[in-house]
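Beneath this line is the structure, given in structure tokens, with notes to follow.
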Amino acid sequence: MKLFYTPNSPYARIARVAVLELRLGDRIEMQKVTVRDPNSNLLNYNPTGKVPTLATDDGFILSETRIICVYLNHFNPKIKLIADISHAFLQQLEGITGGFLDGIAVWVREIRRSRNRPLAKVTFARGGKGKRLKGKGFLLALSPYPFPHFCKKSNEQSPGIIELEQSRALRVLDYFEKISDKLDQTPKLAHITLASALGLEIRLPELQWRQNYPKLACWYDEFSERPSLQVTKPDS
Ligand SMILES: N[C@@H](CCC(=O)N[C@@H](CS)C(=O)NCC(=O)O)C(=O)O
């Protein structure tokens, strides 16, 4: 099997941690790729171009972190990484941690979007409906007019999105602080997802969560000591 990842993706990190916790390291080839890159090797496998992506030995391409982790868990069912249907609390945590990570990822992306930065030059092709642009590139735009190129106006941060994601994150942090005595140190998908989301603090100084959530910080610091978390730590 082959796992496509980027070193700083919090989603790919979950799958990489799962590989290590499930002790599947010798069965899975790790393949570093680029994303949002028309020349990425990943596009030869997965049209979504997202990481993590798992190429299975029987020729399937799996995307979406949870689907990949469920699949991986089958190779070592003694370790129960995924919440069982009978374990409603763990399922609850899986859902909330997944939503937390999605929200933080949107927030980080928004913060990184520089103010008033012009979008990349978008080339317009002249042609009929449904025509593809050259090479493997996906359809960007079509115009009946022979404009050689077009430069879209600035792409600003959205204060509305930032505010929305900030308040979502704070609500979830409140929740985890309250239930922190129910968070143990077992490497479940929910715990790994929570740690991966909190690990984005490195990219989001605005989050400032540690002072206000000391019990969660304590849980996180201990959980982050696991070798699987240590070797997959993002550098930025
Ligand atoms: N819902 C997906 C999200 C995966 C995702 O968004 N990955 C990001 C990296 S953190 C990515 O591949 N982005 C590339 C892109 O948006 O084209 C999952 O659970 O795996």
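The values are calculated or read from the model by the stated rules, or taken from the named source; none is laboratory data. This one's a predicted model, so the numbers in the text were calculated from it and none came from an experiment. FYI the Cβ positions are ideal-geometry reconstructions off the backbone, even for glycines, and counts take in every protein chain you see.
So, in region 31-45, how many residues would count as being in contact with a Leu (Cβ under 9 Å, 6 or more places away or on another chain) and either within 18 Å of Arg13 (Cβ to Cβ) or in a helix (DSSP H, G or I) (or both)?
The number of residues fulfilling the criteria is 4.
Go through (1) free of Cβ contacts under 8 Å to residues at least 60 places away in the same chain; (2) under 15 Å from Thr97 (Cα atoms); (3) of a type in the set (Val, Ile, Thr) for Ile202 and report which single condition fails.
Ile202 satisfies every listed condition except (2).
The conditions are (1) among the hydrophobic types (A, V, I, L, M, F, W, C); (2) out of contact with any helix residue (DSSP H, G or I) (no Cβ under 7 Å at 6 or more places or on another chain); (3) part of a loop (DSSP other than H, G, I, E, B), and Phe89 fails exactly one of them. Which is it?
It is condition (3) that Phe89 fails.
Go through (1) out of contact with any Asp or Glu (no Cβ under 6 Å at 6 or more places or on another chain); (2) outside the structural domain of Ser9 (by TED's automatic domain parsing) and name the single condition Val106 misses.
(1)
Return the residues of region 17-52 that are more than 12 Å from the ligand (Cβ to nearest atom) and touching a strand residue (DSSP E or B) at 6+ places or on another chain (Cβ under 9 Å); say none if nothing qualifies.
Listed by number, the residues that qualify are Val19, Ile28, Glu29, Met30, Gln31, Lys32, Asn41, Tyr45.
Those residues that are surrounded by fewer than 18 Cβ atoms within 10 Å (Cβ to Cβ), under 16 Å from the mean Cα position of the chain (by Cα) and at positive phi, I need them from region 22-64; list them, please.
Selection gives Arg36, Glu64.
For region 65-80, name all the residues that are within 15 Å of the ligand (Cβ to nearest atom), surrounded by 15 or more Cβ atoms within 10 Å (Cβ to Cβ) and not aromatic (Phe, Trp, Tyr).
Within region 65-80, Thr65, Arg66, Ile68, Cys69, Val70, Leu72 meet the criteria.
Report yes if some residue within region 136-148 is touching a Pro at 6+ places or on another chain (Cβ under 8 Å), closer than 30 Å to Pro52 by Cβ and at pLDDT 95 or above; otherwise report no.
no
Among the numbered criteria (1) more than 16 Å from the ligand (Cβ to nearest atom); (2) over 29 Å from Asp174 (Cβ atoms), which single criterion is violated by Leu90?
Leu90 satisfies all of (1) more than 16 Å from the ligand (Cβ to nearest atom); (2) over 29 Å from Asp174 (Cβ atoms) except (2).
Got at least one residue in region 155-170 being within 30 Å of Gly25 (Cβ to Cβ), touching a helix residue (DSSP H, G or I) at 6+ places or on another chain (Cβ under 8 Å) and hydrophobic (A, V, I, L, M, F, W, C)?
No, there is no match, as no residue in region 155-170 is within 30 Å of Gly25 (Cβ to Cβ), touching a helix residue (DSSP H, G or I) at 6+ places or on another chain (Cβ under 8 Å) and hydrophobic (A, V, I, L, M, F, W, C).
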